[in-house]
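The block underneath contains the structure these notes are about, expressed in structure tokens.
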Amino acid sequence: MAQRTHVVNASTQKAPASAIQADTNAQHSPNSAALEAHPTADSTAIIQVIERAALNPDVDIDKMERLLQMQERVMDRQAMMAYSAAMAAMQTELPSIEERGKTNNGCYATLEDIVDTVRPILQKHGFAVSFRIQTQERGIQVTGVLMHKDGHREETSMLLPADMSGNKNAVQAFGSSTSYGKRYVLSALLNITTRGQDDNGNAAGGVRLVTPFQAGQIQRLISQCPATTQEWFSGKYGSAVQVPQVDFDKLRASLTKRMMK
């Protein structure tokens with residue numbers, strides 16, 4: 001959401017009551033739609049109306065509140081438009097990330113490589129990323145938040161079991177799952193691709209797995225499904241990144257139907 005700042009300019013000359021009344025009644029005229037249709041230019045106009053109204057002790061409080069609500073809607077829309085424009089420009093500059101991390105199951109792009117690659121590009125276009133980590137009964141939820149300098153933000157979450165592979169202790173399992181989750185939610189937020197991901201270490205076996213972006217889509221759907229569906233999914237696939245590419249479309253449609261309303 002965009003940050004709302006309501007300014008009262010004490011140096012503004014007091015306007016006649018008739019002018020103030022005309023300003024506060026503007027939202028009931030066809031011009032109110034025009035104000036929201038052109039948020040960049042008319043945000044300033046709305047603020048000026050509010051400043052003049054605030055200096056008039058006779059102005060109707062209800063009309064003042066409606067003006068403030070209109071200002072908030074205009075600022076929110078303005079922030080969303082700025083976010084979308086910056087995202088579109090940034091997408092053309094995001095490269096594929098080389099898969100330098102290795103496991104028994106294949107190669108992957110490390111979180112460090114992803115962050116080091118995208119950080120200067122994010123900064124250039126006014127973006128920043130943060131993460132929230134929550135321990136839940138069914139595992140660890142990692143939420144990535146992509147914020148733009150004008151106030152709009154988008155987020156996505158991924159629920160992961162503790163990674164107990166390789167005889168990890170509880171702390172190591174938590175850290176491993178957290179790093180794994182950050183890697184995939186960041187890839188989903190920015191639609192990042194990695195070089196060699198189509199094979200994902202499974203070319204010899206003939207199995208192509210979903211991309212990080214697709215895995216993020218599946219994980220978002222799973223997190224909104226009933227516990228029985230989540231248990232079924234864990235038993236069949238283990239995790240979102242282990243879903244075969246050929247199952248993606250069918251699985252996405254099935255999970256969408258099962259989502260809790």
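The values are calculated or read from the model by the stated rules, or taken from the named source; none is laboratory data. Note that the structure is predicted; figures quoted are calculated from it, not measured. Note that we place each Cβ from the backbone using ideal geometry, even for glycine, and neighbour counts take in every protein chain shown.
Kindly indicate whether THR103 is under 14 Å from LEU186 (Cβ atoms) and not hydrophobic (A, V, I, L, M, F, W, C). No.
Among the candidates ASP58, ASP23, which residue alone is farther than 20 Å from HIS152 by Cα and at pLDDT 65 or above? Result: ASP58 is the single residue among ASP58, ASP23 that is farther than 20 Å from HIS152 by Cα and at pLDDT 65 or above.
All of THR110, THR92 fail the test of being over 20 Å from ARG220 (Cβ atoms) and without any contact (Cβ under 8 Å) to a residue 24 or more places away in the chain, apart from THR92. Among all residues of the stretch 80-93, there is none that is modelled with pLDDT under 80, out of contact with any Gly (no Cβ under 7 Å at 6 or more places or on another chain) and not basic (Lys, Arg). Can you find a residue that is more than 30 Å from LYS124 (Cβ to Cβ) and in contact with an Asp or Glu (Cβ under 6 Å, 6 or more places away or on another chain) anywhere in the stretch 152-171? Scanning the stretch 152-171, I find no residue that is more than 30 Å from LYS124 (Cβ to Cβ) and in contact with an Asp or Glu (Cβ under 6 Å, 6 or more places away or on another chain), so the answer is no.
Within the stretch 75-114, the set of residues being buried (at least 16 other Cβ atoms within 10 Å of the Cβ) and over 20 Å from the mean Cα position of the chain (by Cα) comprises ILE97, GLU99, GLY106, CYS107, TYR108, ALA109, THR110, ASP113. Can you report the number of residues in the stretch 136-154 which are over 16 Å from ARG183 (Cα atoms), touching a residue at least 12 places away in the same chain (Cβ under 8 Å) and either loosely packed, with under 13 Cβ neighbours inside 10 Å or touching a strand residue (DSSP E or B) at 6+ places or on another chain (Cβ under 9 Å) (or both)? The number of residues fulfilling the criteria is 8.
Residues in the stretch 131-161 that are of a type in the set (Ser, Thr, Tyr) and within 17 Å of ALA173 (Cα to Cα): THR135 only.
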